[in-house]
Structures are given as C-alpha cells and as structure tokens.
Amino acid sequence: MPDAPAIRVPTLSRAIYAAIAMVIFLGDRGTKALVERSIPEHAVIPVLPYFLNLTHTRNTGAAFGLFSDSPAAWKTALLVIVSAALLVTVVGLVWRSRHLHWESGVGLALILGGALSNLLDRITTGRVVDFVDVYFRSYHWPAFNLADSGIVVGAGFLILHYLSSE
C-alpha cells in the first residue's frame, strides 16, 4: 500500500511573526497606559457581572502575582534576568529556524510581544500593570494584562504544534 502524500504545513514569513509580536507589544503598552490614566488604583469596574471586571493593580511579582508579596530586594533583578534570558531564547529559536510551522511561529511571536512588554515595565518601573479580573462568585483568578494573555496563548500554540506533530 503506498504511503499517503505528505501534507504541507504552511509557514509564515518572519515579517508576519514580527508584526504579531509588535501588535501584542503595542496593544499591551496602550492598554496599560489607558488603565493608568483612566482607572484609579484598586478601583473595580464591572464589565460582565459575575465574571469579568476591569481593575488597576500594580504587580511587582511574576505572572499571575507570583512572588508579589515577597519583600526580597533581589526579586525584580531576578525577574528581569529570567525574562531577558527567555526573550533571547525565543529570538534565537525564531532566527535559527528556517521553516517554522505556523503554530510555533505564531506561538513564539505572541510570547515575544508579551514578554518584551512586561520586561520593559520591570526594567523601567519594577512592576507591571494588571487590569483584567476574571472571577466566579468569590473566586478570582489573579489579575492579568494583554502581555500575559499573549504569553499564555502563545504557549498554547506551541503545545498545539507539539501535540499535532506526533
């Protein structure tokens, strides 16, 4: 029995990946600036009752508020170093790969845009602005921002590619 023909998975150009990363980066910068100008810190604006609020919090920790309560002086420096190392890794993967499958390329672009924006915040202010509050009854997911969403969705694309390539 002959082998089935190989299905060609489309690849996208690096320019498209760069554009995706730039959209996440600029979108995150803009939404954070809008929140800082428009919503007082710790204020809550209901969007979808019993599910979604807008708020204004300042997160000095890692994603989803991890380590935000830590008073350690080295915390911000460590987060900057780890974030920068991960960014260098992502850029290296994109640069060295001649043909990225679209899932991997989009995933890495989303991660790059989000990580770059959060890194810029940590370097310039030592914190990031979080403003999306998803909740059910009294159970609130830690507040997050567009950059965090890009990173999580990007990781999902990488997992999708891994699972579909097996």
- Task: Would you mind telling me which numbered condition in (1) modelled with pLDDT of 95 or more; (2) outside any helix (DSSP H, G or I) R37 fails?
- Result: (2)
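Can you name the helices (runs of 4 or more DSSP H) wholly within the range 55-166 that have at least 3 residues being within 23 Å of G30 (Cβ to Cβ), polar (S, T, N, Q) and at pLDDT 85 or above?
On the way: elements: 75-96, 102-125, 146-164.
Per the criteria, 102-125.
Suppose the filter is surrounded by 22 or more Cβ atoms within 10 Å (Cβ to Cβ) and either in contact (Cβ under 8 Å) with a residue 24 or more places away in the chain or in contact with a helix residue (DSSP H, G or I) (Cβ under 7 Å, 6 or more places away or on another chain) (or both); does G113 pass it? Don't jump to the end; show me each part of the working.
Details: surrounded by 22 or more Cβ atoms within 10 Å (Cβ to Cβ): yes; either in contact (Cβ under 8 Å) with a residue 24 or more places away in the chain or in contact with a helix residue (DSSP H, G or I) (Cβ under 7 Å, 6 or more places away or on another chain) (or both): yes.
Against the criterion (surrounded by 22 or more Cβ atoms within 10 Å (Cβ to Cβ) and either in contact (Cβ under 8 Å) with a residue 24 or more places away in the chain or in contact with a helix residue (DSSP H, G or I) (Cβ under 7 Å, 6 or more places away or on another chain) (or both)), G113 qualifies.
Being at pLDDT 95 or above, under 23 Å from L116 (Cβ atoms) and under 21 Å from the mean Cα position of the chain (by Cα): is that true of G30 here? Spell out how you get there, then give the answer.
Details: at pLDDT 95 or above: yes; under 23 Å from L116 (Cβ atoms): yes; under 21 Å from the mean Cα position of the chain (by Cα): yes.
Judged against the criteria, G30 is a match.
The values are calculated or read from the model by the stated rules, or taken from the named source; none is laboratory data. Note that the structure is predicted; figures quoted are calculated from it, not measured. A quick note on method: Cβ atoms are made from the backbone with ideal geometry, for glycine too, and the neighbour counts reach across all protein chains shown.
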